[in-house]
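The values are calculated or read from the model by the stated rules, or taken from the named source; none is laboratory data. Here the structure is a predicted model, which is why all the values come from computation and not from measurement. Positions of Cβ are backbone-derived with ideal geometry, glycine not excepted, and every protein chain shown enters the neighbour counts.
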Amino acid sequence: MKTTPVTAADLTETLMSVPPLARNADLSLNEEQNRRLVAHLEMEGITNHLYGGNANFYGLSLRQYAEALELLADLGGEESWFIPSIGPDYGKMTDQAVIAKETRFPTFITLPQAFGTTPAGVDKAIRELVQTLARPIILYLKTDPYLTPDLTARLVDDGQVCGIKYGTNRPDSSVDPMLDELVKVVDRDLLIIVGERPAVAQHRTFGLGSMMSGSATLAPAASVAMFAAMKRGDYATASAIWAAVEPLEDLRDAIGPITVLHDAVTLTGIAEMGPVLPLVTNLADTYKPVVEKAAKALVAYNDSLAWEPVKATA
C-alpha cells in the first residue's frame, strides 16, 4: 500500500475509484468480496481507491471504523493507494482521528456536512484534524457555504490540504462561479472531478486535472478511457463514453447513489456486496430489474472497449 506523502502527480496520474463496501449478512465487513472488487479494478489499471459516500463511511461506528481501516490497509498490492474518509461532524471527526493517526494511510478525505457549519468553523476543524493526524487531508467541497475559496487556498498554502474533491452540483457544469474562483487561487491539479457527469465540462472549461468515479467500479475500462480522452483533449470520445455511463448515473440520481451502485455490483456478478449499512437500504424489488438492465449494459459496453490496461496519460 502506498504510504508516501500525496503529491499533485498522484492525483493526476490515474483515475481514482470510489467503490462501495461489501458486507456479510450480519453487517460485518466481507474481506473476500472487498478484495475481489479491488482486484477487479486493479486488473484494469485503477490502483487508487477512495472509500467515502459510496462505501457509506457515514454510518460506521468507531469499532467498525477501526476494522474498516485495518481491512483497507491489507486489500491491495504494493502500488495500491487507499484513501479512507473521516467525519463528517466535528465529534466523529475528532474521535476517528485518534484511530486514524495510528495508521499508515498517507491521507484521509473529509466527508462533507451540509448543515451546522460555518466557513471559519470548518477551517478551524480541518486544522485541528491535520494536527492530530500529522498529515494533510483531502477536502471535500460539496456546497458553496461550506468553505470560501480564500480559506481553501490558505489551507492548501499552509500544508493542511493535499487535494480537493469538488462535488458541487450545477445545472450546467461549465458555469460555476465557485469553481471559477477556486482555480484562480488553487493549483488546478489538486482539484478532483467527481464522476463522469460533470467531467467533460469541468476539464474543458476549468482545466481540472484529476478525476474520481463510482461507475468505474462497474466499468473501469470505460472510465479510464474517458479520463485519458479528456487529458489528450479528445472531448468527442469522452462525451461518447459518458453517454454509455449516463443511464446508470441517472438511476443513481433518481433512486439513491449509494444503493444503486452497491447493488449494481452484486447484480452484475462483479462481487457480492451484501446488505447496505443503515441508515441506507438495498434496492426495493421494483427497482432491481431496471438497475440490473442498466448495469449489465454498462458492463457489456466496458467489455467491448479495446484498450491497454495502463495508467491514463496525456
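At a glance:
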| read-out | value |
| --- | --- |
| Yes/no for Gly207 being more than 21 Å from Glu44 (Cα to Cα) and touching a strand residue (DSSP E or B) at 6+ places or on another chain (Cβ under 7 Å) | no |
| Test: residue in segment 158-180 that is under 27 Å from Trp81 (Cα atoms), more than 19 Å from the chain's Cα centre (by Cα), among the β-branched types (Val, Ile, Thr) and outside any loop (DSSP other than H, G, I, E, B) | no |
| Residues located in segment 152-207, provided they are aliphatic (A, V, I, L, M), crowded, with 19+ Cβ neighbours inside 10 Å and either at pLDDT below 95 or touching a Pro at 6+ places or on another chain (Cβ under 6 Å) (or both) | Val161, Leu182 |
| Count - residues of segment 30-43 that are crowded, with 19+ Cβ neighbours inside 10 Å and either part of a loop (DSSP other than H, G, I, E, B) or free of Cβ contacts under 8 Å to residues at least 60 places away in the same chain (or both) | 3 |
| Residue in segment 119-130 that is surrounded by fewer than 18 Cβ atoms within 10 Å (Cβ to Cβ) and assigned to a loop (DSSP other than H, G, I, E, B) present | no |
| Members of segment 141-157 found to be part of a helix (DSSP H, G or I), of a type in the set (A, V, I, L, M) and in contact with a strand residue (DSSP E or B) (Cβ under 9 Å, 6 or more places away or on another chain), listed by number | Leu155, Val156 |
| Check on Leu69, out of contact with any Gly (no Cβ under 7 Å at 6 or more places or on another chain), crowded, with 17+ Cβ neighbours inside 10 Å and assigned to a loop (DSSP other than H, G, I, E, B) | no |
